[in-house]
Amino acid sequence: MSTISSHTVRSSVFAKYQPIIDLTTNRIVGCEALARWRADDGRETTIEPVIDELESQEDLALELTTCMFTCLKADLGTLLVEHPTFSVSVNLPPIVMGKNKILPVLEKLALIAHLPQLTGEITERQALNEQGRDAIRLARQLGARVAIDDFGTGQSGLQQLIGLEVDTLKIDQSFIRQLGKDVAAERLVRGIAALATILKVDLVAEGVETAEQAAFLRAIGIEKGQGWLWAKALDANELSEWLG
Ligand code: G
Ligand code: MN
């Protein structure tokens with residue numbers, strides 16, 4: 001039984017934004033909205049302890065997603081207008097895909113005009129059903145982008161990419177962490193880079209923490225990176241300062 005209500009989600013969730021960097025120019029090109037949780041005493045905590053519960057129940061997962069888009073609009077609405085090429089990624093739990101529940105939220109928040117600046121990240125860790133795949137197709141028809149998150153770790157794996165067009169693969173941080181330490185990880189990342197070229201998709205390397213990792217990724221032609229080397233998740237005003 002759930003111990004968390006939709007109301008609690010609404011009053012506790014807020015968003016921070018981790019920059020995504022173009023590895024060639026070293027400039028910020030977008031960000032990922034990451035959910036944070038405000039505890040009863042007002043302290044900011046990670047959402048990790050409750051995320052599995054939120055993402056396993058449709059109503060809570062939809063509330064979480066709604067909160068994230070609501071924060072995004074309030075925090076970055078102006079920035080999206082002022083920087084038309086800047087894009088924001090939002091994690092979409094597969095359970096909320098497929099019942100046409102996200103589009104009305106975006107309509108209500110007047111975010112439809114910004115769809116080309118929005119990327120839905122679908123994790124590879126959770127199965128996506130046929131309705132979810134239809135929702136991805138519709139989102140792309142409407143101009144939004146779709147990324148496969150945690151790429152390389154999933155249950156459904158590469159099979160997911162058959163008959164489903166996506167824009168971006170986000171290489172899971174577990175691969176990046178092993179660069180320079182484990183030759184198999186290095187070969188796998190090279191393999192993913194080659195695969196991305198053939199599939200004509202972009203790559204974002206997640207969890208980049210060192211200049212050596214960034215140099216390796218740049219050398220093998222990976223376009224973008226995200227991680228503590230550049231920034232942790234930031235408040236909206238800190239993000240604006242980055243953009244100048
Ligand atoms: O699965 P997803 O890509 O949404 O996960 C993002 C998570 O990774 C966040 O919890 C974020 O805090 C964490 N993260 C982001 N950058 C780094 C990093 O450079 N190193 C590590 N260890 N974790 C990171
Ligand atoms: Mn993500």
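For this structure, a couple of remarks:
- Placing a label point 7 Å from the Cα of Asp182 along the Cα-to-Cβ line, the residues of the range 191-209 whose backbone N sits under 17 Å from it are 191-193, 206-209.
- Equivalent ellipsoid dimensions for the range 6-243 as semi-axes, Å, which come from the Cα gyration tensor, largest first: 27, 21, 18
- Whole-Hz couplings from phi, Karplus 6.51/-1.76/1.60, listed for the range 163-178; x for Gly and Pro: x, 9, 8, 10, 9, 9, 10, 9, 6, 4, 5, 4, 6, 5, 4, 8
- Within the range 149-178, backbone nitrogen closer than 16 Å to the virtual label 7 Å beyond the Cα of Lys200 toward Cβ: 162-169
- Among the GluC sites (Glu not before Pro) in the range 44-98, none sits in a DSSP loop with a Cβ that has at most 10 other Cβ atoms within 10 Å.
- Placing R0 at 35 angstrom, the Cβ-Cβ distance between Gln131 and Ser5 gives a FRET efficiency of 0.85 after rounding to 0.05.
- Per-q log10 I(q)/I(0), the range 2-62, q = 0.15, 0.18, 0.28 Å⁻¹ (Debye; single scatterer per alpha-carbon; no solvent): -0.55, -0.69, -1.19
Quick note: the coordinates plus some simple rules give every number you see, no bench work behind them. Source: prediction; values computed, not measured. Reconstructed Cβ throughout: ideal geometry from the backbone, glycine too, with neighbour counts over all protein chains shown.
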